[in-house]
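Remarks on the structure that follows.
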Amino acid sequence: MARPAGLSPALIARLQKTEDQHKYDHGHALVLSGGPGKGGAARLAARAALRVGAGLVTVISPRAAMAEHAAHLTTVMLRPLDRPAALAGILRDRRLNALCIGPGFGVGARTRVAVGAALAAGRAAVLDADALTSFAGAPSDLFGQLHHNCVLTPHDGEFARLFGPAPAEGAPRVTAVSEAAARAGCTVLLKGPETLVAGAGGEVASVRLRGDHAAPWLATAGSGDVLAGLICGLLARGFSAGQAAETAAHLHGLAGRRLGPGLIAEDLPDALPGVFADLGL
């Protein structure tokens, strides 16, 4: 059975920042972006990572897209990267401690190379969207590179491409995501009105977005990119993969309910200060 998820007092306390800390105590998250006209998803993820408390956030993108990002981002830094294989050189800097790869990055060999470089460096990583679909034809190639500090964030379609048919609601869904996490050897977050977070050891947490906790307006373009960014920001802050995924899913739902009807994905990061205030931070 899945354990119902809520933000425990311990996790709420971990979200807090104290007066004796500085930005470098809260990590440096990297978000990889696609080319010109494809960077909106990465920007959503980057702003979410910064809002959830990462000390610094950098978007890495092809040079041709730098001006586009600069027109939209101020507190998020930018760094050019035209060859995905060169990511290995950037990651020699150990201060860069968490990555988000997939939102708007594109499907294909370029993405597989970037994922390989990130995982070989041993960094905490969120693999979302295109980073999952790029391995649909050979999921074992991905599973062989993953480590315990990774989070995969599929929706049902992406889950099916990697692990087989999307499971039905209820117990089959819990079993399927638990088995998927064991197979991948890392945390798997399966999105839905009941988001399930499974660790490689078999534990499963449930974040229910039904009834009094429903947030149906989260079903909008870019919402998943924000969730990926929240997870990445928490990984940068030192949360374990399971803690980051569960906490981010809960914060995502709280932000969606706080905003309510009419929300768009851009609103979600900006709702976090109010969510944090509601939690007593």
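The values are calculated or read from the model by the stated rules, or taken from the named source; none is laboratory data. This structure is a prediction, so every number in the text was calculated from the model and none was measured. With ideal geometry, Cβ positions are generated from the backbone for all residues, glycine too; neighbour counts draw on all protein chains shown.
The figures follow:
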| quantity | calculated |
| --- | --- |
| Arg110 being without any contact (Cβ under 8 Å) to a residue 60 or more places away in the chain, assigned to a loop (DSSP other than H, G, I, E, B), of a type outside the set (Val, Ile, Thr) and surrounded by fewer than 19 Cβ atoms within 10 Å (Cβ to Cβ) | no |
| Close pairs from segment 72-90: first polar (S, T, N, Q), partner in a helix (DSSP H, G or I), Cβ under 7 Å, at least 6 apart | Thr75/Leu50 |
| Wholly within segment 1-94, strands (runs of 3 or more DSSP E) carrying at least 1 residues that are loosely packed, with under 15 Cβ neighbours inside 10 Å | 77-80 |
| Residues of segment 228-281 satisfying the condition of being charged (D, E, K, R) and farther than 14 Å from Leu50 by Cβ | Glu246, Arg257, Arg258, Asp267, Asp278 |
| Residue match in segment 97-119 (condition: closer than 30 Å to Asp25 by Cβ and polar (S, T, N, Q)) | yes |
| Unique residue being without any contact (Cβ under 8 Å) to a residue 60 or more places away in the chain, touching a Gly at 6+ places or on another chain (Cβ under 9 Å) and closer than 23 Å to Ala271 by Cβ when the list is Val31, Val59 | Val59 |
| Exclusive hit being crowded, with 24+ Cβ neighbours inside 10 Å and either in contact with a Ser or Thr (Cβ under 8 Å, 6 or more places away or on another chain) or more than 17 Å from Gly27 (Cβ to Cβ) (or both), set Ala198, Ala214, Ala248, Ala221 | Ala198 |
| Tally, over segment 239-281, of residues that are in contact with a helix residue (DSSP H, G or I) (Cβ under 8 Å, 6 or more places away or on another chain), in a loop (DSSP other than H, G, I, E, B) and either small (Gly, Ala, Ser) or within 20 Å of Gly104 (Cα to Cα) (or both) | 5 |
| Filtered residue count, segment 233-281, keeping only those that are modelled with pLDDT of 95 or more and on the phi > 0 side of the Ramachandran plot | 3 |
| Strands (runs of 3 or more DSSP E) completely within segment 120-210 that count 2 or more residues being modelled with pLDDT under 95 and out of contact with any helix residue (DSSP H, G or I) (no Cβ under 6 Å at 6 or more places or on another chain) | 204-208 |
| Yes/no for Arg258 being charged (D, E, K, R), surrounded by 16 or more Cβ atoms within 10 Å (Cβ to Cβ), without any contact (Cβ under 8 Å) to a residue 60 or more places away in the chain and closer than 28 Å to Gly170 by Cα | yes |
| Total residues in segment 131-147, condition of a type outside the set (A, V, I, L, M, F, W, C) and within 14 Å of Leu99 (Cα to Cα) | 1 |
| Tally, over segment 16-58, of residues that are closer than 16 Å to Gly102 by Cβ and in contact with an Asp or Glu (Cβ under 7 Å, 6 or more places away or on another chain) | 4 |
